[in-house]
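*Asks:* One structure follows; several queries about it will come next.
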Amino acid sequence: MSEKTEHHKCLIIGSGPAGYTAAIYAARADMKPVMIQGMQPGGQLTITTEVENYPGYPKGTMGPEMMEDFKAQAERFGTDIRWGFVSSVDFSGPVHKVIVDEKTEMTADTIIIATGASAKWLGLESEQKYNGFGVSACAVCDGFFFKGQDVAIVGAGDTAAEEATYLAKLCKKVYMIVRRNEMRASKAMQHRVMNTPNIEVIYNSETKEIVGDKAVTGARIIDRNSGEERLLAVTGFFVAIGHEPNTQIFKDWLDLDETGYIKTIPGSTKTNIPGVFASGDAQDHIYRQAVTAAGTGCMAAIDAERYLAAQGVH
Ligand code: NDP
């Protein structure tokens, strides 16, 4: 534990669109926000390619560049952005405690949670065994390593569809393993998949096992209707089956829904603890867009500012 605990008016946990937007608003409101960036500075957008649906970028922009812009704007107004991750919190008192990197204690009058969500895994032992040796949850990060090779991707949502088309540009062949007889992805994304000749969609199928020696050499899949098994000869295996909120450290203090998303008072970012506000994907399982995350980040900063004013903190 550090000898002297730092105290701040506003501490922002997480650095995606929600966190940076909260920082811009909080800094401009003279709340002198400190941001703890977390494990993946910039959040999920740093592992995507093109963003075409964020207003203000008529020609689209790249996710990592967009987050650099968000960061620069937050810094311009004086946000104190720091490396590190919040390993635990204590919301038992009127002043909220957080522990950074398991050793440094900080306190704050208001906390804005913007910890986002992380990729889900299938839960296979072989998936863990080959993680980093052919298994990945980020096509955009790792697709490059499989240039000219055959790969598989599991999932049927927009992410899977987007990543499959991305991989198809680099790889010889992409098998898309879909567990039902239809995809969840938007019609536009499905259309893109169907129009990509080197993607083969395999419906009604589950992955039984990922096989390999030092690295992945194949995936054993099973047809859910016929029970028939098939071995796909692939060197890359991508998982794109959705995300879960990064809210574990808050579970002893905050009300979460059954899937772990932080519950907020409708129409606000207020949690069950006064002075603690939640924004972005950590509290949103419905929209999960950069623009909605940014919107709730803005709301959280305004809610925090009003809370401080009501408490007489200047
Ligand atoms: P989703 O939750 O939308 O989709 C997850 C997919 O994974 C579903 O098709 C689901 O199958 C499948 N799945 C889940 N678990 C398993 C499993 N154990 N085995 C096999 N398949 C499984 O997540 P996404 O990450 O795709 O998207 C999240 C949100 O982000 C969505 O709202 C999406 O629209 C949005 N998004 C938008 C983009 C854009 O506009 N450019 C790009 C990417 C995402 P099933 O359908 O059977 O449930």
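*Asks:* Checking the conditions here, which among ILE249, ILE286, ILE273 is under 23 Å from the mean Cα position of the chain (by Cα), hydrophobic (A, V, I, L, M, F, W, C) and in a loop (DSSP other than H, G, I, E, B)?
*Replies:* After ruling out the rest, the residue left standing is ILE286.
*Asks:* Continuing with the same structure: Looking at segment 106-184, what helices (runs of 4 or more DSSP H) fall wholly within it and have at least 3 residues that are within 16 Å of the ligand (Cβ to nearest atom), outside the structural domain of PRO17 (by TED's automatic domain parsing) and under 22 Å from ALA282 (Cα atoms)?
*Replies:* 158-170
*Asks:* Here are some conditions: (1) among the hydrophobic types (A, V, I, L, M, F, W, C); (2) touching a Ser or Thr at 6+ places or on another chain (Cβ under 6 Å); (3) modelled with pLDDT of 95 or more. ILE113 meets all but one. Which one does it not meet?
*Replies:* Among (1) among the hydrophobic types (A, V, I, L, M, F, W, C); (2) touching a Ser or Thr at 6+ places or on another chain (Cβ under 6 Å); (3) modelled with pLDDT of 95 or more, ILE113 violates only (2).
*Asks:* Then there is this: Return the residues of segment 1-17 that are in contact with a Lys or Arg (Cβ under 8 Å, 6 or more places away or on another chain) and either closer than 14 Å to ALA300 by Cα or small (Gly, Ala, Ser) (or both); say none if nothing qualifies.
*Replies:* SER2, LYS9, CYS10, SER15
*Asks:* So, in segment 186-201, of the ones that are over 18 Å from VAL151 (Cβ atoms) and not in a helix (DSSP H, G or I), which residue ends up nearest to the ligand (Cβ to nearest atom)?
*Replies:* Step by step, filter segment 186-201, then rank; the result is SER186.
*Asks:* Does TYR20 qualify as being within 30 Å of THR165 (Cβ to Cβ) and either of a type in the set (Phe, Trp, Tyr) or touching a Lys or Arg at 6+ places or on another chain (Cβ under 8 Å) (or both)?
*Replies:* yes
*Asks:* I'd like the full set of residues that are touching a strand residue (DSSP E or B) at 6+ places or on another chain (Cβ under 9 Å), among the polar types (S, T, N, Q) and buried (at least 19 other Cβ atoms within 10 Å of the Cβ), limited to segment 1-53.
*Replies:* Within segment 1-53, SER15, GLN37, GLN44, THR48 meet the criteria.
*Asks:* Further question on the same structure: Are any of the residues in segment 56-70 crowded, with 18+ Cβ neighbours inside 10 Å, modelled with pLDDT under 95 and not aromatic (Phe, Trp, Tyr)?
*Replies:* yes
*Asks:* While we're looking at this one, here's another question. Tell me yes or no: at least one residue of segment 77-87 is buried (at least 16 other Cβ atoms within 10 Å of the Cβ), in a helix (DSSP H, G or I) and not aliphatic (A, V, I, L, M).
*Replies:* No, the conditions are met nowhere in segment 77-87.
*Asks:* Do you know which of the residues in segment 140-163 that are closer than 21 Å to GLU209 by Cβ and under 23 Å from the mean Cα position of the chain (by Cα) is surrounded by the fewest Cβ atoms within 10 Å (Cβ to Cβ)?
*Replies:* For segment 140-163, the residue satisfying everything is ASP142.
*Asks:* Write out, first by first residue and then by second, each pair whose Cβ atoms fall under 7 Å of each other, whose residues are 6+ apart or on separate chains, and whose first residue, in segment 156-181, is without any contact (Cβ under 8 Å) to a residue 24 or more places away in the chain while the second is outside any strand (DSSP E or B).
*Replies:* Once the first residue is without any contact (Cβ under 8 Å) to a residue 24 or more places away in the chain and sits in segment 156-181, its partners that are outside any strand (DSSP E or B) give ASN181/TYR203; ASN181/ASN204.
*Asks:* Taking the stated definitions as given, is SER118 under 20 Å from the mean Cα position of the chain (by Cα) and under 17 Å from ALA240 (Cα atoms)?
*Replies:* yes
*Asks:* Another question, if that's okay. Test THR207 against the stated conditions and say whether it is within 11 Å of the ligand (Cβ to nearest atom) and in a strand (DSSP E or B).
*Replies:* Against the criterion (within 11 Å of the ligand (Cβ to nearest atom) and in a strand (DSSP E or B)), THR207 qualifies.
*Asks:* In addition: Give the residues of segment 210-243 that are hydrophobic (A, V, I, L, M, F, W, C) and within 15 Å of the ligand (Cβ to nearest atom), sorted by residue number.
*Replies:* ILE210, ALA219, ILE221, ILE222, LEU232, PHE237, PHE238, VAL239, ALA240, ILE241 - these are the residues of segment 210-243 that are hydrophobic (A, V, I, L, M, F, W, C) and within 15 Å of the ligand (Cβ to nearest atom).
*Asks:* Name the single residue that is farthest from GLY275 (Cα to Cα) among those in segment 221-246 being part of a loop (DSSP other than H, G, I, E, B) and among the hydrophobic types (A, V, I, L, M, F, W, C).
*Replies:* Only one residue tops the list, namely ALA233.
The values are calculated or read from the model by the stated rules, or taken from the named source; none is laboratory data. Nothing here was measured: the structure is a model prediction, and the numbers come from that model. Glycine gets a Cβ as well: all are built from the backbone with ideal geometry, and neighbour counts include every protein chain shown.
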